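Q: I have a structure I would like to understand better, so I am pasting it below and will then ask my questions one at a time.
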Amino acid sequence: MENTKNNIVKSNKPNKCNKTSRMERYNNLDKEIKDTITLRDAYSWDEEKGLQNKKDIVVVEQICEFYKNDEFKGKVLASPHGLKELLVGHIISEGNFKKDESITEIKIIEENEKIIKLKLYMENKQFTNENNKIIEENEDNDLNLKLSTVKKIMVQMPTMSNIWELTGGVHWAGLFDMEGNKLIYYEDIGRHNAIDKVIGYAKLNNLDISKCIIVSSGRQPTAMVKKVINAGCRVIITKSPSTNHGIDLANKEKIVLLCFARINRFMVYSGLEYINFEE
């Protein structure tokens, strides 16, 4: 039987349509972002070129453990970027950040190739709110989402995927103001993590997230919608679908849920009354 290795062609000539642009973008990335991806030996096969030995770009995953003071709060697999934001956002979105608590310090208490452990030090105050939300509930009529804002965001959405374009291995989430200006965005192997990172960024930068819009590449089932609600945000825009219970929760909590967002179209599942189509 002929050895498969003998049929392998070493690819020294980059693919003009694909490989060159991918590798150039990889080489030009900031170090912090570059640490979230890596190169691995791989083999590609197609009918025209047969089996070829190549270098491919893949995402890095990191085990992260979260602590609030001395209490363990969870473990996730995440992209190793924006981890302090991820920690804070995770604590908030899971309903473990009480309204009158304040952050005193964030520390990496252990870090190696296998795991990163982060601890959030907080001061406990006397009062809390009923649902552990960090933002007071707004009056229903406070929310006015302009169609022009949605359209401005949808035009930007296809550009928010640098790592995804290189690897196809991440989700992204962004935070926008009510005029459609991008404040921050993150990419992560988990759609939950990407949402948590923008929530954490808002908290650490003293942004009023109730006056912001969270935009996501991922599906919005109940757990995702609940994260946004716990953070105090009232508008979710995603290019993906939701679920029956995700939609029910969005309607119950009176937030805007826009799905299948593209440059010139979207679906509204909740909060139609808060969208101004006649500006």
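Q: Run the simple label-point estimate for GLU105 and ARG265 please: 7 Å along Cα→C-beta, distance reported in nm.
A: 5.5
Q: Thinking of the stretch 162-220 as a set of Cα atoms, what percent of all their pairs are more than 16 Å apart?
A: Roughly 40 percent, rounded to a whole number.
Q: Further question: Please tell me the relative contact order of the stretch 140-276 in percent, rounded to the nearest whole number, where contacts are Cα pairs under 8 Å and at least six residues apart.
A: Values: 261 pairs, mean separation 29.0, N = 137.
Answer for the stretch 140-276 is 21 percent.
Q: Sticking with this one: Distance in nm between label sites at VAL60 and ASN28, each 7 Å beyond Cα in the beta-carbon direction?
A: Reported label-point gap for VAL60 and ASN28 is 2.2 nm.
Q: Shifting gears a bit: How much mean residue ellipticity at 222 nm does the chain get from its helices, if each DSSP H run of length 4 or more adds -39500 (n - 2.57) and you divide by all residues, to the nearest 500 deg cm²/dmol?
A: Values: 8 runs with 73 residues, N = 279.
Value at 222 nm, helices only, nearest 500: -7500 deg cm²/dmol.
Q: Compute the distribution of all C-alpha to C-alpha distances in the stretch 140-276, in bins of 10 Å from 0, and list the percent of pairs in each, rounded to whole numbers.
A: 13, 49, 34, 4, 0
Q: Across the stretch 230-273, how large is the tail of the calculated P(r) beyond 11 Å, expressed as a percent of all Cα pairs? Mind dumping the intermediate values first?
A: On the way: 591 of 946 pairs.
The proportion of pairs with Cα distances above 11 Å equals 62 percent.
Q: Give the dimensionless ratio obtained when the Cα radius of gyration of the chain is divided by 2.2 N^0.38 Å.
A: 1.14
Q: Additional query: So how many Å³ per residue does the convex hull of the Cα atoms of the stretch 62-123 work out to? Don't jump to the answer; show the numbers that get you there.
A: Working: hull volume 4.6 nm³, N = 62.
Taking only Cα atoms, the stretch 62-123 has a hull volume of 73 Å³ per residue.
Q: Could you compute the longest span of the chain free of trypsin sites (Lys or Arg not before Pro) located in DSSP loops and having at most 12 other Cβ atoms within 10 Å, not counting the site residues?
A: 126-261
Q: Continuing with this model, one more query. Return a whole-number percent for the relative contact order of the chain, with Cα pairs under 8 Å and 6 or more residues apart as the contact set.
A: 15
Q: Follow-up. Take every DSSP beta bridge whose two residues both sit in the chain, then give the antiparallel share in percent to the nearest 5.
A: If I count the DSSP bridges inside the chain, around 70 percent turn out antiparallel.
Q: Please order ASP248, ASP30 by the number of other Cβ within 10 Å, starting at the fewest.
A: Neighbour counts put them in this order, fewest first: ASP30, ASP248.
Q: Do any of LYS75/LYS211; LYS119/LYS254; LYS84/LYS226; LYS98/LYS254; LYS114/LYS203 go past 26 Å between their Cα atoms, and which?
A: Beyond 26 Å: LYS75/LYS211; LYS119/LYS254; LYS114/LYS203.
Coordinate-derived values only; no laboratory data. In this text, all values refer to a predicted model and were calculated from it rather than measured experimentally. Backbone-built Cβ (ideal geometry, glycine too); neighbour counts: all protein chains shown.
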